[in-house]
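A quick write-up on the structure given underneath.
The values are calculated or read from the model by the stated rules, or taken from the named source; none is laboratory data. What you are looking at is a predicted structure, and each value in this text was computed from that prediction instead of being measured. Here Cβ is always computed from backbone atoms with ideal geometry, including for glycine, and neighbour counts include all displayed protein chains. All accessible areas refer to the heavy atoms of the entire protein, side chains included, with ligands and DNA or RNA removed. Shrake-Rupley method; radii C 1.70, N 1.55, O 1.52, S 1.80 Å.
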Amino acid sequence: MSRVSNAIKLLNYLSLKEVVSLQELSDFLQISERSVQRLRNELEDAGYTVETIKGPGGGYRLAKNVSIHPQDFSSQQRKQLKHGLSILANQQGD
């Protein structure tokens, strides 16, 4: 699955749940936990606030002030997100 697809799925999944463990996200997206962490960092760089909750029952959650409905993105918005993520991916190699 592409990084853009995973980013949209991650945002959507987080918007539906209070706190999601790293393992649960890894299983849901079918990628490694490290890949989930990288994806989270890229989303943070793109302006999404994904909070890390430490301790038992911890994981990731969208900040309370984030209101997003990725399933409602228009085709143009998806293209823009894909373009932005590709720029971020290329910058990581620098």
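Scan the chain and note any complete DSSP helix (H) whose C-alpha atoms cover at least 15 Å along its axis and whose Kyte-Doolittle average is 0.0 or more. Provide the component values of the computation, followed by the final result.
On the way: long enough: 3-16 (20 Å, 0.53); 33-45 (18 Å, -1.81); 75-92 (26 Å, -1.16).
Span-like helices in the chain: 3-16.
How do 2-10, 50-58, 14-22 rank on mean C-beta neighbours within 10 Å, highest first?
Values: 2-10: 17.9, 50-58: 10.8, 14-22: 15.6.
Going by the mean number of other Cβ atoms within 10 Å, highest first, we get 2-10, 14-22, 50-58.
Along the charge dipole of the chain, which of 53, 32, 11 sits closest to the positive end, that is, farthest toward it, with unit charges on the beta carbon of Lys, Arg, Asp and Glu (+1, +1, -1, -1)?
11
Let me know the charge dipole size of the chain about its Cα centre in debye, to the nearest 20, where only the beta-carbon of Lys, Arg (+1) and Asp, Glu (-1) is charged.
Working: 12 positive and 10 negative charges, 32 e Å.
For this selection, approximately 160 debye.
Under 25 Å Cα-Cα from residue 82, which lysines qualify once same-chain neighbours fewer than 8 residues away are excluded?
9, 17, 64
State the volume of the convex hull built on the alpha-carbon positions of region 1-45, expressed per residue in Å³ and rounded to an integer. Each step should come with its number before you reach the end.
Details: hull volume 2.9 nm³, N = 45.
Measuring per residue, one finds 65 Å³ for the Cα hull of region 1-45.
Mind ordering 80-91, 37-48 by average Cβ neighbours within 10 Å, highest first?
Details: 80-91: 13.8, 37-48: 15.7.
Those peptides, ordered most packed to least, come out 37-48, 80-91.
Find, to one decimal place in angstroms, the Kirkwood hydrodynamic radius of the chain, where the mean of 1/r is taken over every pair of different Cα atoms and then inverted.
Details: mean 1/r = 0.0736 Å⁻¹.
For the chain, inverting the mean 1/r across all distinct Cα pairs yields 13.6 Å.
Can you give the accessible area per residue of the chain, in Å², using a 1.4 Å probe? Please list the in-between numbers first.
Numbers: 5850 Å² over 94 residues.
Roughly 62 Å² per residue, with all protein chains present.
Could you check how much of the accessible area of the chain is carbon and sulfur, as a whole percent, using a 1.4 Å probe? Show your work: numbers first, answer last.
Values: 2760 of 5850 Å².
On the chain, the fraction of accessible area on carbon and sulfur atoms equals 47 percent.
At 0.36 nm per residue, and after removing the present C-alpha to C-alpha distance, how many nm does the segment from residue 83 to residue 18 gain when stretched out fully? Let's see the in-between values first.
Values: separation 65, 0.36 × 65 = 23.40 nm, distance 2.88 nm.
Gain on extension, residue 83 to residue 18, equals 20.5 nm.
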